[in-house]
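Below: the structure, in structure tokens.
The values are calculated or read from the model by the stated rules, or taken from the named source; none is laboratory data. Only a predicted model underlies this, so the values are computations on that prediction, with no experimental measurement involved. Glycine also receives a Cβ, built like all others from the backbone with ideal geometry; neighbour counts cover every protein chain displayed.
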Amino acid sequence: MERLRPADPSSVGGHRLVGRLGAGGMGVVYLARSPHGAWVALKVIREEYAGDPGFRARFRRETELAARLTSRWTVPVLTADADARAPWLATAYVPGLPLSEALALYGPWPSGQVRTLGAALAAALDDVHRAGLVHRDVKPANVLLAADGPRLIDFGIARAVGATALTTDGSVIGSPGYLSPEQARGRTVGPPSDVFSLGCVLARTATGRPPFGAGGAAAVLYRTVREDPDLAGVPEELAPTLRACLAKEPGDRPTISRLLSSFGEFTAESWLPPGLPALVADRAARVLDLPVPEPTALSEAPFTDTPPAPSRRRLLIASAAAGVSAVGGGSAWWRWGRSGTPGSAKGPLPNRTIALLGDLSTAVVQAQVRGAQLAVVQHNARSDRTFDLALRTADDQGTAAGSAAAAARLVAAREVYAVIGAGTNAAVPAAVPVCTEAGVCLLVTRADSTALNGTNTTSSLNLRSTRTTGPGAVVKYLNVVARPARTVVVHDLTDADDGEATVRGVTVYGMLTVGRVEVAEVAGGTGFTDVAHGLAAHPDTAVLFAGGLPARAAACAQALTDAGHRGFHGGDEHILGRPFLKAGTGWWISTGYCDPSADPKTRAFAAAYRTRYRTAPPPWAAEAYDAVGYAAHGLAAPSSDERESLRAELMRRPWQGITRRYSYESQTQYLETDQDGGWFLYRVENGRARFVARHDDIKNLAKKKTS
């Protein structure tokens with residue numbers, strides 16, 4: 001449990017808050033005392049959801065459904081308010097620890113205790129389903145171990161069977177590694193989905209590892225949909241039942257009643273493995289002995305139907321925020337030639353420092369420094385600003401150790417409100433835990449590593465479309481312009497991980513919507529001659545290269561050229577390098593960076609960059625410019641006095657930059673890429689990659705082709 005932060009309320013709905021139990025995409029959960037003195041877990045929904053009347057109606061309906069639950073193995077909803085400024089609900093507080101923490105501390109459980117745990121959780125799901133609900137997020141973190149047995153908690157994304165969910169079908173909602181194949185595909189789910197998740201939880205409890213492995217979310221989802229679970233180490237007497245729970249098709253899984261018969265009755269005596277009973281008791285004692293703290297800075301609690309009158313300073317900041325949002329809808333916030341007098345009659349404006357971290361000896365990082373400097377200058381020339389910006393740079397020397405050390409120096413300075421991670425895959429991931437520990441938002445502009453897939457659990461935000469979603473611009477070109485009858489994904493197993501995202505995107509997630517899709521695997525270190533000759537016999541077949549090594553992509557391109565294949569060839573930015581640029585003439589490439597000089601939507605930026613630096617802006621300069629603008633957008637929010645709140649403000653306040661729209665999906669916290677998500681299409685010509693179009697403008701290429 002964390003202490004309350006200065007921006008937290010002291011009370012909500014008459015409940016006195018004591019500490020933070022956790023936070024997620026939907027809101028914050030507090031430990032609180034009710035007006036009658038009882039301990040409760042009180043969840044406050046984030047205000048961006050509260051602005052949607054439809055959300056309030058769904059929240060009210062699903063809260064009422066959850067309140068029907070009277071199961072011994074769930075935690076009852078005590079009270080709620082769907083009409084408050086920030087909707088909230090309070091459940092009984094059960095002292096204990098999550099199953100996820102217990103497994104991390106003590107490892108796998110013996111067979112008998114796994115069976116007993118399964119009996120209680122199956123009984124809990126039986127009651128949930130009888131109440132007309134589907135939990136949809138059964139995972140170890142949502143299983144609370146109490147002295148008298150487990151509790152299934154957190155119905156934040158539960159929904160009524162057959163009713164409209166908090167998100168529409170087509171959205172993936174839940175926790176990768178524990179959600180069902182139908183959830184992974186974004187389809188409608190029912191009680192069998194919870195059975196699948198229960199099987200994952202029990203397999204993890206029995207073996208100490210998730211049945212579909214670890215790693216990036218996309219890789220885990222792929223294995224969930226396509227591969228068999230890893231049940232090695234599951235006790236023989238449990239294996240058939242768990243394997244049945246993990247069937248790919250919902251109809252092939254056992255019913256809850258069958259599971260209840262299989263697991264038998266819950267036995268309270270010795271249901272926890274050795275060591276855990278004492279830990280559970282100690283955890284309970286710590287919480288119940290807590291004193292009620294002094295009021296926080298927000299002692300009047302903003303979560304009321306009538307918020308307190310804002311101070312003059314908050315009105316100024318709110319006005320600035322509204323102004324930035326209004327400008328973002330039509331044109332970018334950087335209006336060239338706009339100027340004003342710094343400060344005001346009341347004295348100088350407050351200062352907010354943004355730091356940029358990268359290998360300062362490289363041209364690509366220097367381009368980002370210049371782009372960021374230009375954004376700072378333009379911000380400080382605004383007459384309506386409510387704070388001044390400053391830019392600080394730090395050299396990570398291109399290494400993980402250098403990145404961690406430099407990040408530690410930056411976050412130690414309280415005037416630093418955000419860090420721009422401008423470095424490479426080798427360096428940026430090492431800055432993530434450092435910034436997270438300090439509560440400082442790390443904005444990642446360029447790095448595209450699977451090590452950054454878990455940034456939704458940190459204080460970081462990926463500001464770019466990543467390889468996790470595949471080569472978006474190239475796939476869109478195939479869908480709306482080329483429209484091949486057949487596409488072959490050449491998966492280079494030399495660096496299999498780099499190519500997996502592309503393979504998953506077109507096979508599991510159905511990104512490629514035209515023609516037939518096949519995958520041709522090329523063993524690590526071997527040549528592409530055989531694949532190329534096979535493709536040459538079908539010149540209309542499109543080729544999509546799945547791999548990240550420029551030399552290997554060059555070998556593939558040369559083999560296709562030698563074999564006489566003249567069809568479509570495409571890949572992503574990671575293969576761009578001298579060997580490939582020489583051999584890959586005519587290839588189409590999807591990137592996460594624009595060409596400001598060639599893109600009509602960034603020409604004003606390019607002109608200002610040339611005026612200031614006497615040269616054309618290189619790749620990534622505009623993206624770093626946007627990173628500063630996006631940070632300034634968040635800092636204009638009323639809670640900007642606390643740097644720890646910046647990420648939350650950015651998450652809830654979409655913004656249109658010059659390179660893309662910054663908007664994040666509330667559950668996964670990934671950049672939304674369907675609309676202006678920051679993909680750009682290039683074509684290799686004369687030894688260089690030439691900008692062709694933004695992702696959203698590719699449809700115009702189809703019109704030109706038919707005209």
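Quick look at the numbers
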| read-out | value |
| --- | --- |
| Residue count for region 502-550, restricted to those that are within 20 Å of Gly472 (Cβ to Cβ) and aromatic (Phe, Trp, Tyr) | 2 |
| Extreme residue, modelled with the highest pLDDT, among residues of region 6-38 that are in contact with a helix residue (DSSP H, G or I) (Cβ under 8 Å, 6 or more places away or on another chain) and surrounded by fewer than 18 Cβ atoms within 10 Å (Cβ to Cβ) | Ala7 |
| All positions within region 518-534 that are under 20 Å from Gly567 (Cβ atoms) and either surrounded by fewer than 19 Cβ atoms within 10 Å (Cβ to Cβ) or touching a residue at least 40 places away in the same chain (Cβ under 8 Å) (or both) | Glu518, Val519, Ala520, Glu521, Gly527, Thr529, Asp530, Val531, His533, Gly534 |
| Breaking point among (1) within 29 Å of Thr541 (Cβ to Cβ); (2) modelled with pLDDT of 95 or more, for Gly423 | (1) |
| The listed residue being out of contact with any helix residue (DSSP H, G or I) (no Cβ under 7 Å at 6 or more places or on another chain), at negative phi and not acidic (Asp, Glu), out of Trp73, Trp109, Trp88 | Trp88 |
| Which numbered condition Asp641 fails, given (1) at pLDDT 90 or above; (2) out of contact with any Lys or Arg (no Cβ under 8 Å at 6 or more places or on another chain); (3) surrounded by fewer than 20 Cβ atoms within 10 Å (Cβ to Cβ) | (1) |
| Filter pass, Ile589 being among the β-branched types (Val, Ile, Thr) and closer than 21 Å to Val514 by Cα | yes |
| Selected residue (only one of Arg504, Arg483 is of a type in the set (D, E, K, R), crowded, with 16+ Cβ neighbours inside 10 Å, touching a residue at least 12 places away in the same chain (Cβ under 8 Å) and not assigned by TED's automatic domain parsing to the domain that holds Ala451) | Arg504 |
| Hits in region 564-606 (condition: free of Cβ contacts under 8 Å to residues at least 40 places away in the same chain and either among the small types (Gly, Ala, Ser) or in contact with a His (Cβ under 8 Å, 6 or more places away or on another chain) (or both)) | Gly564, Gly577, Ala583, Ser597, Ala606 |
| Filter pass, Pro596 being under 20 Å from Val376 (Cβ atoms) and either at pLDDT 95 or above or outside any strand (DSSP E or B) (or both) | yes |
| Selection within region 448-494 - of a type in the set (Asp, Glu) and over 22 Å from Val543 (Cα atoms) | Asp448 |
| Residue within region 673-693 that is touching a residue at least 24 places away in the same chain (Cβ under 8 Å) and closer than 17 Å to His379 by Cβ present | no |
| Where Ala616 falls short, out of the listed (1) out of contact with any helix residue (DSSP H, G or I) (no Cβ under 8 Å at 6 or more places or on another chain); (2) more than 27 Å from Leu478 (Cα to Cα); (3) surrounded by fewer than 18 Cβ atoms within 10 Å (Cβ to Cβ) | (1) |
| Residues being of a type in the set (A, V, I, L, M, F, W, C), more than 16 Å from Thr541 (Cβ to Cβ) and surrounded by fewer than 21 Cβ atoms within 10 Å (Cβ to Cβ) - total across region 552-575 | 1 |
| Residues (under 21 Å from Arg464 (Cβ atoms) and surrounded by fewer than 21 Cβ atoms within 10 Å (Cβ to Cβ)) located in region 403-429 | Asn425, Ala426 |
| Within region 211-231, considering residues that are of a type in the set (A, V, I, L, M, F, W, C) and in a loop (DSSP other than H, G, I, E, B), the one modelled with the lowest pLDDT | Ala214 |
| Test: residue in region 663-672 that is aromatic (Phe, Trp, Tyr), farther than 21 Å from Asp572 by Cβ and not in a helix (DSSP H, G or I) | yes |
| Residue tally, condition surrounded by fewer than 23 Cβ atoms within 10 Å (Cβ to Cβ), out of contact with any Lys or Arg (no Cβ under 8 Å at 6 or more places or on another chain) and part of a helix (DSSP H, G or I), over region 190-203 | 1 |
| Hits in region 377-389 - residues which are surrounded by fewer than 20 Cβ atoms within 10 Å (Cβ to Cβ) and closer than 23 Å to Pro619 by Cα | Val377 |
| Cross-chain or 6+ apart pairs with Cβ under 7 Å, region 31-45 first and free of Cβ contacts under 8 Å to residues at least 40 places away in the same chain, then surrounded by 22 or more Cβ atoms within 10 Å (Cβ to Cβ) and aliphatic (A, V, I, L, M) | none |
